[in-house]
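These notes are about the structure you will find just below.
Read-outs: derived from the displayed coordinates by stated rules, not from any lab. Remember, predicted model here, so these are calculated numbers, not experimental data. Heads up, the Cβs are rebuilt from the backbone with ideal geometry, glycines too, and the neighbour counts pull from every protein chain shown.
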Amino acid sequence: MAFYHGVSTRQADTSVSTPVTADSGIAFVVGAAPVHTVGGTVNEPIMCMNYGEAVSAFGYSDDWEKYPICEAIYSQFKLYGVAPVVFVNVLDPEKHKKSVTESNYPLSDGKVMLPLEALKSTVTVTGYAAGTDYELFYEGENLILEVLDGGTIPANTGELTIAFDAVDPGAITKTEIIGGFDTTTKKYSGLELIDSVFPKYGIVADLLLAPGWSHNAEVAAVMSAKAAAINGVFEGKALIDIDAATVKHYADVPAWKKSNNINAKTQIPCWPLVKLGDRVFHFSVQAAGRMGQTDADNGGCPAESPSNKLLQIDSAVLADGTVVLLDLQQANYLNSNGIVTALNFIGGYVLWGNQTACFPADTDPKNYFIPVSRMFGWVSNTLILTYWSKVDKKMTRRLIESIVDSVNIWLNGLVAEEQLLGGRVEFKDEENSTTALMAGKAVFHVYLTPPSPAQELDFVLEYDADYVAAAFAA
């Protein structure tokens, strides 16, 4: 080293790593939004922190059948106050559109109300020019044509002849929701964009939703596959809606679940639809809000079940509006088949059910209990985020011991917070052969036991005659 005369210091890496806690309860929503009203993007994941950001990025309409992303925007931000949320709009105004035949539209108070689907740039008014005689702007549920002062449109004109192109959300197919990779544009689309969220935003979106589409067996299967290996390493859950248009009786729901191959631990199937006032929601959307809020109430940890927690609804309904009122036995029948539902029993409507779709075929608690399964995924995600920086460091005893020590400290903290009943990590000789270590492979065996939900509380009542004798003994 160079000559030095004096005192110097240097810093060594801390031997125990601070955990980088994985995100929990963050929804990733794929669907259609009225992006043509705000110049929004197509097939690009956009993270939003509040209602205003979401509306600015995607536009808004109360027609949720056409624009299910708006349903998720309303539920996540206005009803549950959960953030962030990542949205992907697949409605492409350049592709999903149709021509509307020239027609006469009434002019009232200097305005013509055109449908929200009308594409502003395509509007033509027979005999008049945009910018000179009228202007166009989106407001509420309409594209509004407003007559300009000084233009050539007479004040007493009763109607205008107008033609335009309109976006057509009905032209979207399940293939576009599923998405893929375009070899021409070299871009991903649809559900495939879940793998772009972490590189772009540094968050793990662990709840996958496709409201209005997840009842399709193929879409549900892809959602399950993506949830099992986000970015190839992270784990999440796919919230699946059981078709409330064709399945109209609770007893028929398990058969639909079976015939549509909804049976994975990464899937949480929900039935039926739910309603608040005049607004009808896909159950998956409200379930995502409920799960996110429950996680937030537990410090961002998914250890507690969302079951028996209040939903923001006043009824459960079928697609045709028929009210579904389940009693406890009927709701428990759905739960026994791995289906989440809504129950109005004590204290208002709650989400009811602790089981993932793999139940009852799979009875491993880490797979079928929603909070236990989510905890395993969350711990796994956290370990990956925390120790990724250790990859390619020198394989030494100190490295191994530092990882073991820091993981055990973190697990002990979770136990102290009652997020785990117990947890530890071991570096076992029998799992780490000399040849494996020579090849740079180390195996850490993590033992953990998340608390199961208190699903059944049984009180045994017995008549005790001794109390009679005691009462009259005096």
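Data table
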{"item": "Gap separating the Cα centres of segment 130-193 and segment 51-73, nearest whole Å", "result": "15 Å"}
{"item": "Value of [θ]222 nm, deg cm²/dmol, for the chain, DSSP H segments ≥ 4, -39500 (n - 2.57) each, nearest 500", "result": "-7500 deg cm²/dmol"}
{"item": "Most to least packed among 91-100, 339-348, 230-239 [average Cβ atoms within 10 Å]", "result": "230-239, 339-348, 91-100"}
{"item": "Percent of Cα pairs exceeding the 32 Å cut-off, where the set is the chain", "result": "51 percent"}
{"item": "Sites Tyr4 and Ala442, calculated FRET efficiency, Cβ-Cβ separation with R0 51 Å, nearest 0.05", "result": "0.85"}
{"item": "Residues Leu325 and Ala296, FRET efficiency given R0 of 30 Å [Cβ-Cβ distance, rounded to 0.05]", "result": "0.50"}
{"item": "Segment 97-167: C-alpha gyration tensor shape, a/c 1.5 cut-off, then a/b vs b/c", "result": "prolate"}
{"item": "Exposure proxy ranking, count of Cβ atoms within 10 Å, fewest first, for Ile194, Ile313, Ile403", "result": "Ile403, Ile313, Ile194"}
{"item": "Antiparallel DSSP beta bridges within the chain, percent to nearest 5", "result": "75 percent"}
{"item": "Residue order, fewest to most beta carbons within 10 Å, for His282, His5, His445", "result": "His5, His445, His282"}
{"item": "Lysines whose Cα lies under 27 Å from that of Lys393, excluding same-chain neighbours fewer than 8 positions away", "result": "Lys200, Lys428, Lys441"}
{"item": "For segment 212-354: rounded, prolate or oblate by the Cα gyration tensor [a/c cutoff 1.5]", "result": "oblate"}
{"item": "Segment 306-321-segment 223-281 distance, computed between alpha-carbon centres (Å)", "result": "15 Å"}
{"item": "Span-rule helices in the chain, defined as complete DSSP H runs reaching 15 Å or more along the axis (Cα) with Kyte mean at least 1.0", "result": "217-228"}
{"item": "Listed peptides 164-170, 299-305, 48-54, 437-443 by packing density, highest first (mean Cβ within 10 Å)", "result": "299-305, 164-170, 48-54, 437-443"}
{"item": "Prolate/oblate/rounded label for segment 394-474 (Cα gyration tensor, a/c 1.5)", "result": "prolate"}
{"item": "Burial ranking of peptide ranges 117-128, 139-150, 451-462 (average Cβ count within 10 Å, highest at the top)", "result": "117-128, 139-150, 451-462"}
{"item": "Inter-centroid distance (Cα atoms) of segment 421-442 relative to segment 326-400, Å", "result": "26 Å"}
{"item": "Under 19 Å from the Cα of Lys78 - lysines, other chains or at least 8 residues apart", "result": "Lys275, Lys309"}
{"item": "Diffusion constant of segment 320-376 at 4 °C, which comes from Stokes-Einstein with the Kirkwood Cα-pair radius and 1.567 mPa s, µm²/s", "result": "107 µm²/s"}
{"item": "For segment 394-474: relative contact order, % (alpha-carbon pairs under 8 angstrom, 6 or more apart)", "result": "25 percent"}
